[in-house]
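Accompanying notes for the structure given below.
The values are calculated or read from the model by the stated rules, or taken from the named source; none is laboratory data. On a predicted model such as this, the values are computed, not experimentally measured, just so you know. Glycine also receives a Cβ, built like all others from the backbone with ideal geometry; neighbour counts cover every protein chain displayed. These accessible areas exclude ligands, DNA and RNA; they are computed on the full protein's heavy atoms, side chains included. Shrake-Rupley method; radii C 1.70, N 1.55, O 1.52, S 1.80 Å.
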Amino acid sequence: MPFSAPPAASGERYALSASLDNARHLSSLLRAVHFQDHATCLATASGLRVTVEDAKCIQANAFIQAEIFQEFSVQEESVMFRISLSVLLDCLTIFGTSSLPGTSTALRMCYRGYGYPLMLFLEEGGVVTVCKINTQEPDELLDFDFCSTKVVNKIILQSEGLREAFAELDMTSEVLQITMSPDKPYFRLSTFGNAGSAHLDYPRDSDLMEAFHCSQTQTNRYKISLLKPSTKALALSCKVSIRTDAQGFLSLQYMIRNEDGQICFVEYYCCPDENITEAEL
């Protein structure tokens, strides 16, 4: 079991305290959104959300529900801070990225509040390491306003199908074109690379398709350079939900099962690169 953190000085309570028997449950999820150096952390009673953004065009969120932690306590309605994700990952893996069979790194995480560092207490094999990571004022995050009522098309695929697609598609293409339709081709991925155009179709009755809810035909293009970071989450996931709204904004939600069988989610939001008219198809 994780060890107890020392009490806060002068009788103060920690704004956030949490413990995990296995720090890899956290580090593996954070690696799935690690495409920029800094992240914004938001802790509420429901759990921890870690957000990374780039160029105001893409946003990634890793959700770690409170139930995943052996202990999770937030003394305020919400606790928010910005932190170096690179440094946080280095600290979480300070004992190495892979432990010996039957061993794991226990984690205790504490944050006293605004202006204070995030403190990590890591223990493996009787050795304890204490890390203090400076926190910063959080940036204002993009609001993609991607509520379920605004979703136009949604499909759920087994992740192996999308992994195969990314392996087969021509990644010399600058964009990935996604077509979702209630009629054929139903779900199509297209690239336009050095070798020419390539298309990959998924019929709605495919064994890989777990759900298909498309109300209108949509074709949108997304910069592959923005989508590439999401392949880290795709590699860990077992299912992926693909959603678009009326403006063509894309949501990729990856369901990830950790070593203990617990479910966590990583979600990517991406702006469309350009809209495609019927004349261009």
State in Å² the accessible area per residue of the range 136-281; use a 1.4 Å probe, count heavy atoms of protein chains only, and round to the nearest integer.
50
For the residue pair I133 and Y114, what label-to-label distance in nm results when each label sits 7 Å from Cα along the Cα-to-beta-carbon direction?
2.2
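How do S84, S78, S159 stack up against each other in accessible area, from largest to smallest, with a 1.4 angstrom probe?
Greatest to least solvent exposure: S78, S84, S159.
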Please give the contour-minus-distance gain from E259 to S46: 0.36 nm per residue of separation, less the Cα-Cα distance, rounded to one decimal in nm.
74.6 nm
Protein-only accessible surface order, largest first, of F81, F265 at 1.4 Å
F265, F81
State the percentage of accessible surface on the range 126-281 attributable to carbon and sulfur atoms; use a 1.4 Å probe and exclude ligands, DNA and RNA.
46
Could you give me the ³J(HN,Hα) list for the range 14-30, computed from phi with Karplus coefficients 6.51, -1.76, 1.60 and θ = phi - 60°, whole Hz, x at Gly and Pro?
6, 5, 9, 9, 8, 9, 9, 5, 9, 5, 5, 4, 8, 5, 5, 5, 5
Protein chains only, probe 1.4 Å: how do I83, I94 rank by accessible area, largest first?
I94, I83
Calculated [θ] (222 nm, deg cm²/dmol) that DSSP helices of n ≥ 4 give over the chain, each run adding -39,500 (n - 2.57):
-3500 deg cm²/dmol
